[in-house]
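Derivation of every value follows stated rules applied to the coordinates shown; laboratory data play no part. As the structure is a prediction and not an experimental result, all values here were calculated from the model. Neighbour counts are summed over all protein chains in view; Cβ atoms, including those assigned to glycine, are modelled from backbone coordinates with ideal geometry.
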Amino acid sequence: MDPRFLGIPELTTEAPSVAVVVDVMRACTVAAWAFARGAERIVLTGTLDEALALKARHPDWAALKDGPPAPGFDLVNSPGQLRSADLGGRTVVQKTTAGTVGALAVRDASLVLCAGFVVAEATARVLRERAPDEVTYVVTGEDGRADEDLACAQYIAGRAAGGSPDPAGYLRRAAASRAAAELTQGVRRGSHPDDVALCLELDRFPFAMVAAEEDALLVLRRYDGNP
């Protein structure tokens with residue numbers, strides 16, 4: 001299982017066979033929390049206008065974005081704020097700076113997984129079961145340089161290959177990342193003081209998250225087994 005670690009700008013027009021989109025702080029962690037809070041599915045969008053248009057057509061959907069609260073949006077991209085939300089049976093529309101962009105960039109892959117530390121082992125388990133020859137890990141933050149995303153991707157790759165890497169070093173790298181510092185210092189608006197800690201909870205959830213086309217939309221769903 002040959003791993004490749006690429007930033008969004010490095011992705012070619014040819015879709016990878018299997019892609020793992022990693023956004024630790026915070027889109028993929030938030031998506032996992034949304035499922036834990038009862039969301040049925042998450043529609044990943046490329047623009048705020050698209051998210052608002054979907055919300056307008058489906059008033060019962062919950063729209064989520066990066067940054068501070070804004071008109072038309074119900075939620076912000078913060079696990080600390082989302083953990084108390086009641087999303088039972090609802091569709092969430094998610095638009096973020098990096099995570100949703102990375103997923104949309106590989107939407108034509110035969111298998112698209114979205115991951116963070118909170119679903120690391122469940123993601124690796126799907127890869128072990130599928131045993132692809134090659135896996136492209138999309139390191140979404142900072143054009144592929146975000147160390148929290150790269151550390152998580154490398155950890156998942158080690159687990160997917162059947163190894164038992166010590167997670168401590170990977171989690172330390174993520175905790176020392178630029179994103180973690182900006183969240184801790186309140187630089188990133190729409191955050192919660194617990195966001196960094198929640199993003200670094202290894203294997204908090206037992207499910208993987210798989211994205212696939214549904215009615216011309218890229219839809220993320222919870223998977224407790226092999227898709």
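Annotations for the structure displayed:
- Residue-count net charge about residue 74 - beta-carbon cut-off 13 Å; Lys, Arg +1, Asp, Glu -1: +3
- Residue exposure proxy: 171, 220, ordered by other Cβ atoms within 10 angstrom of their Cβ from fewest to most, comes out as 171, 220.
- Rounded to whole numbers, the Karplus 3J(HN,Hα) couplings from phi for segment 137-146 are 9, 8, 8, 6, x, 6, 6, x, 9, 5 Hz, using 6.51 cos²θ - 1.76 cosθ + 1.60 with θ = phi - 60°, and x at Gly and Pro.
- Listing 33, 61 from fewest to most neighbouring C-beta atoms within 10 Å gives 61, 33.
- As a proxy for reagent exposure, ranking 86, 203 by other Cβ atoms within 10 Å from fewest up yields 86, 203.
- Only Cα pairs under 8 Å and 6+ residues apart enter the sum, and on that basis the relative contact order of the chain stands at 32 percent.
- Couplings 3J(HN,Hα) for segment 40-50, derived from phi with the Karplus relation 6.51 cos²θ - 1.76 cosθ + 1.60 (θ = phi - 60°), are 7, 7, 10, 8, 9, 10, x, 9, 5, 4, 5 Hz, where x marks Gly and Pro.
- Modelled label reach - residue 15, point 7 Å along Cα→Cβ, segment 105-140 residues with backbone N closer than 15 Å: 105-114, 136
- Amide H contacts of residue 93 (H built 1.01 Å from N, under 5 Å, at least 5 apart or other chain): 43, 62, 63, 64
- Cβ-defined net charge surrounding residue 136, 14 Å radius [Lys, Arg +1; Asp, Glu -1]: -4
- Taking trypsin sites (Lys or Arg not before Pro) in DSSP loop states with no more than 12 other Cβ atoms inside 10 Å as exposed sites, the chain has its longest site-free stretch at 1-144.
- For segment 96-129 versus segment 134-213, the gap between their alpha-carbon centres in whole angstrom: 12
- Cβ-based charge dipole, the chain, positive-most Cα from 119, 53, 193: 193
- The Cβ shell under 12 Å around residue 84 holds other residues with a net charge of 0, Lys and Arg each +1, Asp and Glu each -1.
- Cα centre as origin, Lys/Arg/Asp/Glu Cβ charges: the chain dipole, Debye: 460
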